[in-house]
Amino acid sequence: MAYRRTDNVIRRLAARHDGIVAAARDAASEGGMAAIQIAPVAARAGIAAGTVYRYFPGKTDLVGALIASVSEREIDAVRRAADAAPGPLSALAAALATFAARALRDRRLAWAVIAEPVDAEIDALRLEYRKALAGEIEARIAAAIAGGHLPEQDAALAAPALVGALLEGLIGPLAPETVDDPVKARAAVQTLTLLALRGLGVVDARARGLVVQTVLPAADAPTA
């Protein structure tokens, strides 16, 4: 008779899996992708390295699980913020501001899972996250165009361009240091969101109004 795992065993295994991924996330938040090594992650999780290998045969598998976890959490946060907005243009502003504020709050992790220089195998894993993020922004741009709130334009081209601008302006190596200053962080999110809206063709007065309505609350939102 084949062995069948009980619900308690399944929950325990899932909790152990999630604990390892959480430890990897903490490591990446402190030291980027280079900090994700099996032995140190095991120590953070309070388990033996051999136990990690039971769940993740190698570092690439662990990194893939981390990227998938972060991607799911961040895309969900962007989507929820946009869905809660009263209209398609404010939904777009909320999506941009939410991504920007959350990325800035955990700047090292955001850079690690999206754009930090890594080997080709890991970069291929991250591509799906970038595609999903750009796709979410693209959908919000397209909805605003369809509603007559934005001029006609190629949403599929504009979306990744905006994602790139937010990344480079907020968390890239050329971005100013704002992490330890909440006022500067809020101003940075506001500036980049306003830049994005202007670039899409929102007139300045209306863009500023959207920023006041959506950017500041998003910048103060929890990261969970």
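Side notes on the structure shown:
- Split the accessible area of the chain by element, probe 1.4 Å, and carbon with sulfur accounts for 57%.
- Relative contact order, percent, the chain [alpha-carbon distance under 8 Å, six or more residues apart]: 21
- Two-decimal log10 I(q)/I(0) for the chain, as the Debye equation yields it once each C-alpha is a single scatterer, q = 0.07, 0.08, 0.14 Å⁻¹: -0.26, -0.33, -0.87
- Highest average first, the peptides 159-165, 106-112 ordered by how many other beta carbon atoms sit within 10 Å of their residues are 106-112, 159-165.
- Burial ranking of peptide ranges 94-103, 16-25, 79-88 (average Cβ count within 10 Å, highest at the top): 94-103, 16-25, 79-88
- Here the Gaussian network model covers the chain, with springs between Cα atoms less than 10 Å apart; of Leu150, Leu210, Leu174, Leu174 fluctuates the most.
- Accessible area expressed per residue, the chain, with surrounding protein chains retained (probe 1.4 Å, Å²): 50
- Peptides ranked, highest mean first, by Cβ atoms within 10 Å: ranges 192-199, 130-137: 192-199, 130-137
- Derived value for region 1-91: Kirkwood hydrodynamic radius 15.0 Å. Basis is the mean of 1/r over every pair of different alpha-carbon atoms.
The values are calculated or read from the model by the stated rules, or taken from the named source; none is laboratory data. The structure presented is a predicted model; accordingly, all values stated were derived computationally and were not measured. All Cβ positions, glycine included, derive from the backbone under ideal geometry; neighbour counts span all protein chains shown. Areas reflect the complete protein model, heavy atoms only, side chains present, ligands, DNA and RNA absent. Shrake-Rupley method; radii C 1.70, N 1.55, O 1.52, S 1.80 Å.
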